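J.: Provided herewith is a single structure, encoded as structure tokens, for subsequent inquiry.
The values are calculated or read from the model by the stated rules, or taken from the named source; none is laboratory data. Just so you know, these numbers come straight off a predicted model, no measurement behind them. Here the Cβ positions follow ideal geometry from the backbone for every residue, glycine too, while neighbour counts run over all protein chains shown.
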Amino acid sequence: MVIGAGQAGLSAAYHLARQGFAPGRGSVVLDADAAPGGAWQHRWRSLTLATTHRVHELPGLPFTPASEDLPAADAVPAYFAEYERRFGLDVRRPVRVSAVRRTGDGRFLVEADVGTWRARGVVNATGTWTRPFVPRYPGQETFRGRQLHTVEYRGAAEFAGRAVVVVGGGASAVQLLGEIAPVARTTWVTRRPPVFREGPFGEEEGRAAVARVEAAVRAGRMPGSVVGVTGLVVTPWVRRALDDGVLTRLPVFDRITPDGVAWDDGRFVAADVILWATGFRAAVGHLAPLRLRTRDGVIPVEGTSAVGEPRLQLVGYGPSASTIGANRAGRTAAVTLRRLLADGGLARSA
């Protein structure tokens, strides 16, 4: 049983088939969305393939878009749909999983809005898009302007002529500042000074980043931001934003007022809009009945196996929460389940 049909879930389903768990009775993918595409189908229209971090192709099928100027929300879902068709993956949607429980015979019971399944093993690939994170600051409820998270962002035009405070130090914050600054008065605030990386991000740096995140998740700690390890890559459009002064950053404010944000040193910035580009948390609430989370809300993992419950594989989680990491994790999860479950399929309807 695979829960989620984004990059990680499709990669896992592909590799499960190659480990002998044929689509259908052998393995089933449950996806909450009504159409293929994972989180990509919900991204803002102005996000093109050229302005994303690289979209890594899924195993077995090259990603060959007609143009880098295509909206990612069109190109990637189309690629995912073709992937499902090409490899005959049994993806059932829309199916919203509400709980995963252990049964008395050593299996899992997967409960959803359209039925239940019994599974010998579960690959959880639910990602983070459905759990946007907004931190709390004193006075937040008094703000008279608009507050929104990046999941609600649709385009810069709606902010024309307004004062916008963008909160967050990741790639999304930088991308949105570049879009909004030409039409609005922007202020960028982050908890830590941003680190910009000139030149390509190589394999050695990638391994170091993954190792650091793996160590945190294995110990049951929150892994922190990937950008905190990798830095912000200076693409041509990021270079333009730096040269134009758009990416001049202030330390994060101490409180929010009805008309803006304020610091304890007396500084104040008026704002009509606060845009929270503050990331996401893993969508694993349906796994709560398994009682695997630490006090920090993290499920410790070793490789892709949940510590204490190796028949539960987590992909697109912690160190594999990236497109290239998800590909590798999908194969690891499939091989691990093949080793644990000697014969038979993964799941069937209860």
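J.: Please go through segment 73-88 and pick out each residue that is surrounded by fewer than 21 Cβ atoms within 10 Å (Cβ to Cβ) and among the small types (Gly, Ala, Ser).
T.: Scanning segment 73-88 gives Ala73, Ala78, Ala81, Gly88.
J.: Quick one: which residue in Val123, Val134, Val91, Val110 is modelled with pLDDT of 95 or more, hydrophobic (A, V, I, L, M, F, W, C) and surrounded by fewer than 19 Cβ atoms within 10 Å (Cβ to Cβ)?
T.: One residue alone meets the criteria, Val134.
J.: Just for segment 57-72: of the residues that are in a loop (DSSP other than H, G, I, E, B) and touching a helix residue (DSSP H, G or I) at 6+ places or on another chain (Cβ under 7 Å), which one is surrounded by the fewest Cβ atoms within 10 Å (Cβ to Cβ)?
T.: Gly60
J.: Scan segment 37-48 and give yes if some residue there is among the β-branched types (Val, Ile, Thr) and either within 22 Å of Ala72 (Cβ to Cβ) or free of Cβ contacts under 8 Å to residues at least 24 places away in the same chain (or both), otherwise no.
T.: Yes, there is a match, as at least one residue in segment 37-48 is among the β-branched types (Val, Ile, Thr) and either within 22 Å of Ala72 (Cβ to Cβ) or free of Cβ contacts under 8 Å to residues at least 24 places away in the same chain (or both).
J.: So in segment 285-305, with the set limited to residues that are crowded, with 21+ Cβ neighbours inside 10 Å and of a type in the set (A, V, I, L, M, F, W, C), which one is nearest to Gly104 (Cα to Cα)?
T.: Leu287
J.: If we scan segment 60-70, do we find a residue that is in contact with a strand residue (DSSP E or B) (Cβ under 6 Å, 6 or more places away or on another chain) and in the same structural domain as Gln313 (by TED's automatic domain parsing)?
T.: yes
J.: Can you list residue pairs whose Cβ atoms sit under 8 Å apart, with the first residue in segment 16-30 being assigned by TED's automatic domain parsing to the domain that holds Glu84 and the second being hydroxyl-bearing (Ser, Thr, Tyr)? Count only pairs 6 or more apart in sequence or on different chains.
T.: That search, which allows pairs on different chains as well, returns Leu16/Ser27; Ala17/Ser27; Phe21/Ser27.
J.: Condition first: without any contact (Cβ under 8 Å) to a residue 60 or more places away in the chain, in contact with a helix residue (DSSP H, G or I) (Cβ under 9 Å, 6 or more places away or on another chain) and either among the acidic types (Asp, Glu) or not assigned by TED's automatic domain parsing to the domain that holds Ser46 (or both). Now tell me which residues in segment 73-88 satisfy that.
T.: Asp74, the sole residue that qualifies.
J.: Are there any pairs, at least 6 apart or on different chains, whose C-beta atoms fall under 9 Å, with the first in segment 279-296 and of a type in the set (Val, Ile, Thr) and outside any helix (DSSP H, G or I) and the second modelled with pLDDT of 95 or more and buried (at least 17 other Cβ atoms within 10 Å of the Cβ), and if so, which?
T.: These pairs meet every condition: Val284/Asn124; Val284/Thr126; Val284/Leu292; Val284/Leu314.
J.: Would you point out which residue out of Val252, Val234, Val298, Val284 is within 30 Å of Glu198 (Cβ to Cβ) and under 23 Å from the mean Cα position of the chain (by Cα)?
T.: Going through Val252, Val234, Val298, Val284 in turn, the sole match is Val234.
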